[in-house]
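Report on the following structure.
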Amino acid sequence: MAFEIEIYAAIIAVYVMIVISPGPNFILVTRYSLGSSLSLAFAVTLGLAIGATINASVTMFGVGALIVAFPGFGVLISVLGGSFLGYLGLSAIFSAVQSNNLVLASGSDANLTAREHTTGAQINESCSTALQKGIFVNLLNPKGIVFFIGLYAPLIAQASLLTKGAVLASSFAIELLWYGLVILFLSRPKFRSLYDRSSFAIDVVLGLILTLIGLRIIMQATLFLEAT
C-alpha cells in the first residue's frame, strides 16, 4: 500500500488555495470571531472542517458520481445550500436590526447595556448549534462539491487507502488551522473594540454578503436547470 506523494502534494496544494480564498466559510467565521465567544467560533470552524471532510470522503469513494449522473440532485443541493446561506445572512441582518432598535428605544445611555445583551445572546447559542451550522454550510456548498468532484475524483480515484487517508486528515487539519488563525486574528482586542463600535454595520454587511452569495447560488442552479 504505497503512498503516492505526487498525488498527495497536488491535491493539498490546490486545497490550500481553495480554503484561503474568500467565500461563505470565511464570512461565517468572521462573524463568529467578531461577535461571539472563542468557543463558538471554534465550534463553527470544527463544523466546517467536518462538513468538508464528509464531502471529500463521499466524493473520494464514488458517491460524488451521483451528481454527475443525476444533475437534478446537484441542483437540489445547490438550492438547499443557497437557501441555507440566505437564511444565515437574513438572520444576521434581523439580529442587527433588533439590537439597533433596542439601542434606539433605550436611549444612548443604555448603549453599552444593549451591546452586552446582544453579545450575550450570541454567546448563549450552544456550541452544538454552531457546529451544525458549520457542517451544513460546507455540506451544502456546491462550490466545494464541484471542487471535490473535479479534483478528487480524477486524481485520487485509483490512489491507495494510505494516500486517501493522508489527504482526508490533511484537509481536515488545513480547515482547522486556517480558520483557527482567522479566529485568533479577528478576536484581538482592537477588532473586538471596532465591532463594539460598529456592530450594526458589520453584521448587516456580513449578512448581506451571505444572502447575496445564497441568492447567486440559487440563480445559477435555476439557470442550469432551465438549460437542461
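Read-outs throughout are calculated quantities, based only on the coordinates presented, and are distinct from any laboratory measurement. Note that the structure is predicted; figures quoted are calculated from it, not measured. Cβ: placed from backbone, ideal geometry, glycine included. Neighbour counts: every protein chain shown.
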Put +1 on the Cβ of every Lys and Arg and -1 on every Asp and Glu Cβ in the stretch 134-228; which of F148, Q158, L181 then has its Cα farthest towards the positive end of the dipole?
-> L181
For the stretch 1-62, what percent of Cα pairs sit more than 18 Å apart?
-> 50 percent
